[in-house]
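The values are calculated or read from the model by the stated rules, or taken from the named source; none is laboratory data. Model, not experiment: these values are computed from the prediction. Positions of Cβ are generated from backbone atoms using ideal geometry, with glycine treated the same way; all protein chains shown enter the neighbour counts.
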Amino acid sequence: MSITEILFWFLSVLAVGGAMLLVASKNPVHSILYLIITFFAVSGHYILLNAQFLAIVNIIVYAGAIMVLFLFVVMLMNLNADSEPPQKNRLLLYSGTIAGCCLLLVLVAALKQSSTTSQLVEMGGGDAGLIKNLGMALFSDYVFPFEISSVLFLSAMIGAVVISKKEA
Amino acid sequence: MFGGVFIKNKAMCKYLAILGLLIVILVNCMELYSGESLFAIDTNNMLSFNSFNLVFITVAMVCTLIFFLLSGSDIEKVGANVSEYFALIFFVLCGVCLAATFNTLLILFIGIEIISIPLYILTGSDKRNLKSNEAALKYFLMGAFSTGIMLMGIAFLYGGNPEGSFYISSLNAGQGKMPVMIAIGLVFMLIAMSFKVSAVPFHFWTPDVYDGAPAVFTSFMATIVKIGGFIAFIRLFENSFGSVQPQWQLLIAIITAATLFIGNLTAVFQQSVKRMLAYSSIAQAGFMLLSIFALNEAAKEGLILYAAAYSLATIGLFAILIKMEDYTIEGFNGLGKKQPVLAVTATVFLLSLTGIPLTAGFQSKFYMLMAAVRDGHHQWLVIFAVLCAAISAYYYFKIIQAMFFKEVSLNTTSNNLLLASAETTSTFRGLLIFIAILIIVLGLFPWLLTDWLHYQ
């Protein structure tokens, strides 16, 4: 068992465990923290697959921005275990479990047929996800849209200032 | 290319804005005449400049220049952040230029977004006014939704074309039947673009937004931005879906007919002139859609002419409207006696919007109808359009009637007309007369503008 495989299994356990705890925990804030763990583990998988850019963006956008937003919403609405309505409908519970198991079945059946199951990690091979290639494309073929989108962001920034500034 | 020129003008007052605009117009005209540009930037074929685009950009810029000259002082009254407003308007203009010259869907998307985002801000710039805030929020939510649809359409088009590229020329759906993905993408793009130009099933935001936004920005929004949307619309459909025109022509025909019908009919019932102009801009959009329906040479000439005629007349009308205290039709009562210059020029603008001969509005409507007739399909649309133009005469003439043949009602007299007489300077009146003359000249000699198309 090489180091990458150990890493893979470690990250997988982390991701699946985080996801389980996310669903199971009663406190919404804890759920969000578990979700962050899951996102970090998935980002680790991206790195193992040699997709650096995706991994970094995943951390910045999902684990950073969106999670903070989630936390803010939860804290602002002051949700916690007490305010949650007691789950009475058992039928809903059963139907949810069955639906989840069906999804699992379909996923397992689909993945079993696919050809990529044998290869867990892809270190060193494949350069589609490297930041270098992305940068090359961005600054050669797509330099014009790249520059122009700066105008878009500038206008959005000016707009935000105009909207939020206090009228004298 | 023009983006770089605009950013320099960020911190500017009115005069700097006008100066900057003049320079850009000069550069643009130079390129139009000689065919060589000031800077040649390699955009990897993502933008294309031909005489049609350049004439169109010139029209849009000249309209903006006139807008600044006429309403520049009104922009200063809206709020404290004057230079920001000008900067945002310049950003919009930059977006219009991109939308007029795009060659890939990527640029189309960025261009449309650069047009939209500053507009959301400008709509809400009157922060004390609840209506303005509501309009901005509504516009933002609806606009974000339509942008989402557009992105979805772009994704479908990208996935559907065999070469997998964003270039609109390679999207060509080929002869015969379209692939499913391309068809879905086409419909999504159609929906998103119809939203941006406020064609009928997607027009619900227009009256509220135009009514809620400060009148100066409504004037800008209803003219330059709208024609910018149309140029993007016609470019996209001509270059990427032109070969499968029979398949979507009926769809456009139905949208056009609905736009003409609902726009004109609801405008009849409006009491507020500002709101009426919003509906009439929907109706005028219906006429401009005829060019997308027809997609031939006459249609392109007609679109340029229509863009010029409609923008000039609407900018002029809004400039007069801003001077009024009372935006209802009664507010115009007796204007003919107190402010003859304003009233006469307003009459010319209204006649042009109606499409009375001798004005630019007539020529442009004529070109549009000619294009649709030449196309040879769905001739009922032409008859329908003429009928709708006749309906539009009713509500435009109502204002003319109010100006000349109605006495001033007593309760609104005092402040309203005092204000009107106090605030019009002689340059303002002179500019209005200049626009009116421009409209009549374009009506008599439309080839002054359309000949530019064949210059290169």
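Cβ-Cβ distances below 8 Å connect the following pairs, each with a first residue in the stretch B:34-57 that is under 21 Å from residue B:23 (Cα atoms), a second residue that is among the aromatic types (Phe, Trp, Tyr) and at pLDDT below 60, and a separation of six or more residues or different chains: B:51/B:455; B:57/B:2.
Restricting attention to the stretch B:388-398, does a residue exist that is modelled with pLDDT under 85 and within 19 Å of residue B:290 (Cα to Cα)? Checked against the condition, which is being modelled with pLDDT under 85 and within 19 Å of residue B:290 (Cα to Cα), the stretch B:388-398 yields no hits at all. Is one or more of the residues making up the stretch A:26-37 over 19 Å from residue A:131 (Cβ atoms), exposed (fewer than 14 other Cβ atoms within 10 Å of the Cβ), modelled with pLDDT of 90 or more and out of contact with any Gly (no Cβ under 9 Å at 6 or more places or on another chain)? No, that holds for no residue. Does at least one position in the stretch B:95-102 carry a residue that is touching a residue at least 12 places away in the same chain (Cβ under 8 Å), within 10 Å of chain A (Cβ to nearest Cβ), assigned to a helix (DSSP H, G or I) and within 19 Å of the chain's Cα centre (by Cα)? Looking through the stretch B:95-102, at least one residue is touching a residue at least 12 places away in the same chain (Cβ under 8 Å), within 10 Å of chain A (Cβ to nearest Cβ), assigned to a helix (DSSP H, G or I) and within 19 Å of the chain's Cα centre (by Cα). Scanning the stretch B:106-143 for residues that are modelled with pLDDT under 85, within 7 Å of chain A (Cβ to nearest Cβ) and surrounded by fewer than 22 Cβ atoms within 10 Å (Cβ to Cβ) yields a single hit, B:127. Restricting attention to the stretch B:281-299, does a residue exist that is in contact with a His (Cβ under 6 Å, 6 or more places away or on another chain), closer than 30 Å to residue B:104 by Cα and surrounded by 24 or more Cβ atoms within 10 Å (Cβ to Cβ)? Yes, there is a match, as at least one residue in the stretch B:281-299 is in contact with a His (Cβ under 6 Å, 6 or more places away or on another chain), closer than 30 Å to residue B:104 by Cα and surrounded by 24 or more Cβ atoms within 10 Å (Cβ to Cβ). Only one entry of B:356, B:329 meets the criterion of being β-branched (Val, Ile, Thr) and in contact (Cβ under 8 Å) with a residue 60 or more places away in the chain, and that entry is B:329. Scoring residue B:406 on the criteria (1) out of contact with any Gly (no Cβ under 6 Å at 6 or more places or on another chain); (2) at pLDDT 85 or above leaves a single failure, condition (2).
When the stretch B:144-160 is limited to residues that are among the small types (Gly, Ala, Ser) and without any contact (Cβ under 8 Å) to a residue 12 or more places away in the chain, the one that is nearest to the other protein chains (Cβ to nearest Cβ) turns out to be B:144. Note on the stretch B:326-364: residues that are farther than 23 Å from residue B:275 by Cβ, touching a Gly at 6+ places or on another chain (Cβ under 7 Å) and part of a helix (DSSP H, G or I) amount to 4. Considering only the stretch A:136-168, state which residues are facing chain B (nearest Cβ under 8 Å), of a type in the set (S, T, N, Q) and either closer than 17 Å to residue B:105 by Cα or under 28 Å from the mean Cα position of the chain (by Cα) (or both). A:149 - this is the single residue of the stretch A:136-168 that is facing chain B (nearest Cβ under 8 Å), of a type in the set (S, T, N, Q) and either closer than 17 Å to residue B:105 by Cα or under 28 Å from the mean Cα position of the chain (by Cα) (or both). Screening B:349, B:384 for residues that are closer than 22 Å to residue B:63 by Cα, at pLDDT 85 or above and in contact with a helix residue (DSSP H, G or I) (Cβ under 6 Å, 6 or more places away or on another chain) leaves exactly one candidate, B:349. Of all residues in the stretch B:66-74, none satisfies being polar (S, T, N, Q), within 13 Å of chain A (Cβ to nearest Cβ), surrounded by fewer than 21 Cβ atoms within 10 Å (Cβ to Cβ) and assigned to a helix (DSSP H, G or I).
Tell me whether the stretch B:424-433 contains one or more residues that are surrounded by fewer than 20 Cβ atoms within 10 Å (Cβ to Cβ), modelled with pLDDT of 80 or more and small (Gly, Ala, Ser). Yes; the residues of the stretch B:424-433 include at least one that is surrounded by fewer than 20 Cβ atoms within 10 Å (Cβ to Cβ), modelled with pLDDT of 80 or more and small (Gly, Ala, Ser). Checking the conditions here, which among B:202, B:166 is under 23 Å from the mean Cα position of the chain (by Cα) and not basic (Lys, Arg)? Step by step, each of B:202, B:166 is checked, and only B:202 is under 23 Å from the mean Cα position of the chain (by Cα) and not basic (Lys, Arg).
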